[in-house]
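The values are calculated or read from the model by the stated rules, or taken from the named source; none is laboratory data. These figures come from a predicted structure and were not determined experimentally. Glycine also receives a Cβ, built like all others from the backbone with ideal geometry; neighbour counts cover every protein chain displayed.
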Amino acid sequence: MTFARSITHPGGCEIGPRPIDLHLKALRSMGAKINDAQRGFIYCEAERLRGCEIQLDYPSVGATENIMLASVFAEEDTYIRNAAKEPEIVDLQNFLNSIGVSVSGAGTSVIRISGSNRKLKDTEHTIIPDRIVAGTYMVASAITGGDVLLRNVIPEHLSAVISNLRDCGCRINVKKNTIHVSGPAKPKAVDIIRTLPYPGFPTDMQAQMVALLTVARGTSIIVETVFENRYKHVEELLRMGANIKLEGRIAVIKGVKQLTGANVTARDLRGGAALVLAGLVANGETVISGVKHIDRGYENLEEKLRMIGADIKRIDT
């Protein structure tokens, strides 16, 4: 039996080119016939996919997950080389194994999926805590000099964030499923932070760290290696009095004594979170539009920040 589907090109935050060529290349190598020449649409048809060895040009999280899912009913085994190592990949492996799939290697650069025409089992699965949401609240504590205890977190998933926040002067106490962050009176600058695939510093925490470093003592450098256009929050932070110079993928941040509240716009998910963080410490009122971006990645962000002392509210427009 041949299955065929047509979908529109995917969207998401506009943070630079986000090609899906790795996804299409992998599916083609598994036997799918794909036509992506039609403007705005991708047409795909296939009978049963064939397992094979797939070498990713980049350890893409989305491509790794997509190949894992596509391989479940494939004939023969599939090997993903240069696979992403993010915790979410391991979580997907655990889920697939719980429903009767045989997957191994998640968390390493090679993942094996044993394909078969199997019947899947019912299961109950709890997804792992969102490490980027947790990291955002950690930066909220750091930028305000606050004291926050995070529960139901997996500290090892946040090792790079914890290390850099300690460099900024935070006192961080880690236990099995909790992280206690005490922010400094004034954050310290860091020499350089490079965004990298896991276990490196996550690109999804770059904007939040930029916000923190705008009020740090000294000069910091951030290098964005993952996306080429992920500094849209910088223009908005400049409206608030930040001192940031962009040189391609490099941001040079000279900390200022005080940010000033302003009318700013969230242009993407994490950039929006960064503006919220900056608003917490700015002098005066900050009004952020474009909060639909923030809502895609944070559940009731303003309510949770209010619970720990923030003066923040949502305005209906």
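Here is the figure for the stretch 284-317: residues that are charged (D, E, K, R) and in a loop (DSSP other than H, G, I, E, B) total 7. Does ILE143 satisfy the condition of being touching a Gly at 6+ places or on another chain (Cβ under 8 Å), in a helix (DSSP H, G or I) and not assigned by TED's automatic domain parsing to the domain that holds HIS23? Answer is yes for this residue.
Scanning the stretch 217-229 for residues that are under 22 Å from the mean Cα position of the chain (by Cα), in a loop (DSSP other than H, G, I, E, B) and within 18 Å of GLU285 (Cβ to Cβ) turns up nothing. Can you tell me which residue is nearest to LYS232 (Cα to Cα) among those in the stretch 247-266 that are surrounded by 19 or more Cβ atoms within 10 Å (Cβ to Cβ) and within 23 Å of the chain's Cα centre (by Cα)? Once the filter is applied, the top-ranked residue is ALA266. In the stretch 197-216, the qualifying residues are those that are in a loop (DSSP other than H, G, I, E, B) and over 11 Å from the mean Cα position of the chain (by Cα), and the one that is nearest to ALA242 (Cα to Cα) is THR214. Taking the stretch 243-288, which residues are basic (Lys, Arg) and over 28 Å from ASP130 (Cβ atoms)? Matches in the stretch 243-288: LYS245, LYS254, LYS257.
In a residue-by-residue description of the stretch 5-22, the property of being among the polar types (S, T, N, Q) and touching an Asp or Glu at 6+ places or on another chain (Cβ under 7 Å) applies to no position.
Results for (1) in contact (Cβ under 8 Å) with a residue 40 or more places away in the chain; (2) touching a helix residue (DSSP H, G or I) at 6+ places or on another chain (Cβ under 9 Å), shown as yes or no for each residue.
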site: ARG194; (1), (2): no, no
site: GLN206; (1), (2): yes, yes
site: ARG217; (1), (2): no, no
site: VAL234; (1), (2): no, yes
site: LEU238; (1), (2): no, no
site: GLY261; (1), (2): no, yes
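The single residue among GLY169, GLY135 that is more than 30 Å from THR78 (Cβ to Cβ), part of a helix (DSSP H, G or I) and of a type outside the set (A, V, I, L, M, F, W, C) turns out to be GLY135.
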